[in-house]
Amino acid sequence: MPPPADSTAFLIRARNRIGLLQLTTRVFKALGLRIDKATLEFEGDFFVKRFFVTDSHGRKIEDRENLERIEKALREAIDGGDGIVSAVDTTRGIVVRRAGLGAEYSGERKAKAERILGLMDGFLKNDPVSLQKDILEHVEYTVARSRFSFDDFEAYQALSHSVRDRLIERWHDTQVYFKRKDPKRLYFLSLEFLMGRSLSNSVINLGIRDQCADALSQLGFEFEVLAEQEGDAALGNGGLARLSACQMDSLATLDYPAWGYGLRYQYGLFRQVILDGFQHEQPDYWLNFGNPWEIERVHVSYAVKFYGNVEEEILNGEKCKVWIPGETVEAVAYDNPIPGYGTRNTVNLRLWAAKPSGQHDMESYNTGDYINAVVNRQRAETISSVLYPDDRSHQGKELRLKQQYFFVSASLQDIIRRFKEAHDNFDVFPEKVALQLNDTHPSLAIPEVMRVLVDEEHLGWNRAWDIVCKIFSFTTHTVLPEGLEKIPVDLLESLLPRHLQIIYDINFNFMEELKKKIGLDYDRLSRMSIVEEGAVKNIRMANLSIVCCHTVDGVSRVHSELLKSRVFKDFYELWPQKFQYKTNGVTQRRWIVVSNPGLSALISKWLGTEAWIRDVDLLTGLREYAADADLQQEWKMVRKVNKMRLAEYIEAMSGVKVSLDAMFDVQIKRIHEYKRQLLNILSIIHRYDCIKNMEKSDRRKVVPRVCIIGGKAAPGYEIAKKIIKLCHAVAEKINNDTDVGDLLKLVFIPDYNVSVAELVIPGADLSQHISTAGHEASGTGSMKFLMNGCLLLATADGSTIEIIEEIGSDNMFLFGAKVHEVQALREKGPALKTPLQFARVVKMVRDGYFGFEDHFKSLCDTVEGGSDFYLLGSDFASYLEAQAAADKAFVDQEKWTRMSILSTAGSGRFSSDRTMEEYAKKTWGIEPCKCPF
Ligand code: NBG
């Protein structure tokens, strides 16, 4: 058929690009043009699409300016404006050259490509009908249920697969784009990622939440109900691990060319079950019901080696070391696409699973003991089987060390393979690769890179060392020197003999350099040495990291000060320029948009835009309305609905009915002595005691409270477990006391995890962050509460100090000793002043007022008799004052609501978007690489 004579032909020559037709069509539509006809032909390497277009009146477009405008729009849409368009066709069209099918593309292959294009030219559509079709197809063919009969869980599975298909499209485009652009990439190495659920977060970031909800409702399902079907991916312990997850969201949203690497544990963080008030741990076999969010890459696998010995060889006349390993395990990649919000960029979180290596097959034949050989092979899988559940100490366990090396080795093989695909000279490695060590857990990456560069790539020690010093950066998440990781030399020597040699060599060079600078100050030399001498010889992983990384980051300003003045003082004096800090942040996408849709809509309404979801500083715009009666009214309504949701959950979990008029006072986080849940419980006892001893008429003046505590204790942490038991014992007493009624309730929320946090945080009025000053490196829970308009009752510790700067101390309830006062207070020992009320409540526990006298004795001993290391007694009086101030403010609901609005308005600085931008600019040297839509 001849082309319509009265139309303008636009011609696009490109290599294969799925979706080009759809994209171009959209551009024409957006410009108000009509496509009368489109054709497709092939010319050598290229396919040629011709669009015959008319203007909105059906006329040919001839005006030169107009034509240029259209060309520009096409170029930008197709290329992202990156100048790939190379010529203007004489027939009034543009030529686009794209990578894609190879140069040998011809004949049969051409026909095949044509067929493929014909079959699949376009992205999945997001209108409700298309979504419904996709969901039903997945019901039939993925879940293998009848489309006429499937339940909520099956609908969740089908929906997730439909969403995942869309993630994959974007993921592909992003990876192809990164490959083409070859920017410097960030590789974020972390042994822990607390991702939580993925469905709601994905549909919101993809911008298809409402379409999915519509599609489902017509099929008779409710989006929220399906979202509840999903289990948490809990591949981490606490703050550090959730921070990694928030940062991945920000990296994707800000278009950074980033990859996350971690371990795909089969058992995530244990499930906490409470029996008679005691914590019991149950395994979290989270993969039981499948995981639609991951893609197994059976072909992306690497051999990881352990044990064995090191030999010397002469290669080209030079001595070199050869590691002859004793055991090989296969690392298989599982990819988890992480979508950005408001962008096409979707980055990858690649988690490694251990599988038996093919090499063992020969052994099983040779030994003749086939059954045992197979059983032994399965042992390999134990490497990635279980997450260590202690968030503070990871000392000296062989399996833990194996996990660390396994994930580091596989990740580096992957990274180096990718680098070598595009480059043949390692000198440009630092221009293309930034490796971020999330705490010291991945620090074996340092000797591993040295080993690969020296032993396998034969670069020579000095060149390799020069590269290593440019690529690594390290963030520490701890405050206490005792918390720093050490690896016994014996263990390292048997598991990774060559790495130990390399660490010794690094240390030897470092010590020599140091002696030149500081002389023979043996105390300082031994403090700074990577090798700790003593009864057990250890490798200090933090020292190794500091020596080899170009930047050492803390996670809040005060944390960084403590690192410089105490924990890493010697190193700071040597290399002050290495030490930086980036205050932590959390993602507003998950912590407001996903978890608090009511508040999210309200914020957008009052700001007149949704732009704050990407540009969170816009939240400050709420300040001017903080006293507006209409906003206050709507704000209170949203908060009340959230409280209702939480109250229902509390009743379902604990059987306790709570009043919505009460202040919901929440402390949820890992249970630790330094986080002082015990201080909270003791003050609840005090409140209870006061109510009991009050005249009935005075009780009317008491501000009713629902105290909510939740958190897991590490399985071996006895004191923390006793704190949980005490909480239950006190709750039992208070909640059943009719004298008290709704004035005070105490509930422990079991099995605290990310999805529980998403429910609890939006429903909280007050939240507590009451660590002994100088102990919380940053704290990120406070930021989530702040974003949700929950008021903080807190000590001036970690990031709280910076929160005060943003919202002002009169917008929160502060108490307690300051960081610089703690040491002097501790030194007072038994002479430390504690108020009478404190002695009284501890005595009540000691005397068995809540039962379990013997059990609680050792707990009481931790805060009395001069051993109150965390200063509960000395902070008690000011804590009670802060509590009283909170009560007073709560009575004045107008004031409270204003404070609440101002909290959200001042939370922008605590977005992980800001943190990631700071890291990108100051630590990693990476830039956004936005995949065109
Ligand atoms: C935690 C700190 C927190 C900090 C997070 C994230 C670990 C080991 N450390 O204060 O205790 O907010 O890391 O940096 O989880």
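Couple of notes before you dig in:
- Share antiparallel - DSSP beta bridges, the chain, percent rounded to 5: 55
- With viscosity 0.890 mPa s and temperature 25 °C, the Kirkwood radius over alpha carbon pairs of the range 132-209 converts through Stokes-Einstein to a diffusion coefficient of 167 µm²/s.
- Trypsin sites (Lys or Arg not before Pro) within the range 674-781, DSSP loop, no more than 16 other Cβ atoms inside 10 Å: 700, 701
- What the phi angles of the range 895-910 give under the Karplus curve with 6.51, -1.76 and 1.60, with θ = phi - 60°, is a coupling list of 5, 4, 5, 4, 4, 5, 4, 5, 5, 4, 4, x, 8, x, 4, 9 Hz, glycine and proline written as x.
- Amide H contacts for residue 708 (H built 1.01 Å from N in the peptide plane; partners 5 or more residues away or on another chain; cut-off under 5 Å): 665, 666, 667, 747.
- 222 nm mean residue ellipticity, helices alone, for the chain (DSSP H n ≥ 4; -39,500 (n - 2.57); rounded to 500): -13500 deg cm²/dmol
- Share of alpha-carbon pairs per 5 Å distance bin for the range 396-461, given as whole %: 4, 15, 25, 27, 16, 8, 4, 1
- Taking only the C-alpha atoms of the chain, the Rg (one decimal) and the largest Cα-Cα distance, Dmax (whole number), read 30.4, 100 Å.
- Amide H within-cut-off set for residue 338, under 5 Å, with H built and near neighbours excluded: 347, 348, 349
- Per-residue ³J(HN,Hα) for the range 332-348, Karplus 6.51 cos²θ - 1.76 cosθ + 1.60, θ = phi - 60°, Hz, x for Gly and Pro: 10, 7, 10, 9, 10, x, 10, x, x, 9, x, 8, 7, 4, 9, 9, 10
- Estimated vicinal HN-Hα couplings, Hz - the range 6-11 in sequence order (Karplus 6.51, -1.76, 1.60; Gly, Pro = x): 9, 10, 9, 8, 10, 10
- Cross-linked pairs 112/184; 828/857; 29/110; 784/895; 112/432; 355/669: Cα-Cα separations exceed 32 Å for 112/184; 112/432; 355/669.
- Across all directions, the average flat footprint of the convex hull enclosing the Cα atoms of the range 792-933 is 14.5 nm².
- Under 5 Å, built H, 5+ apart or other chain: amide partners of residue 789: 904
- Relative frequency of Cα-Cα separations exceeding 20 Å in the range 485-618, percent: 60
- Rounded tilt (10° steps) of 677-692 against the dominant C-alpha axis of the chain: 50
- Theoretical gain in end-to-end length, residue 515 to residue 152 [0.36 nm per residue, Cα-Cα removed]: 123.9 nm
- Rounded tilt (10° steps) of 239-253 against the dominant C-alpha axis of the chain: 30
- As an equivalent ellipsoid, the range 376-417 spans semi-axes of 20, 16, 8 angstrom, where each value is the square root of five times an eigenvalue of the C-alpha gyration tensor, largest first.
- Max-minus-min Cα coordinates of the range 695-851 on each principal axis give 43, 42, 42 Å, with the largest extent listed first.
Throughout, read-outs are computed from the coordinates displayed, never taken from laboratory work. It should be emphasised that the depicted structure is a prediction, and the values quoted were computed from it without experimental measurement. Positions of Cβ are backbone-derived with ideal geometry, glycine not excepted, and every protein chain shown enters the neighbour counts.
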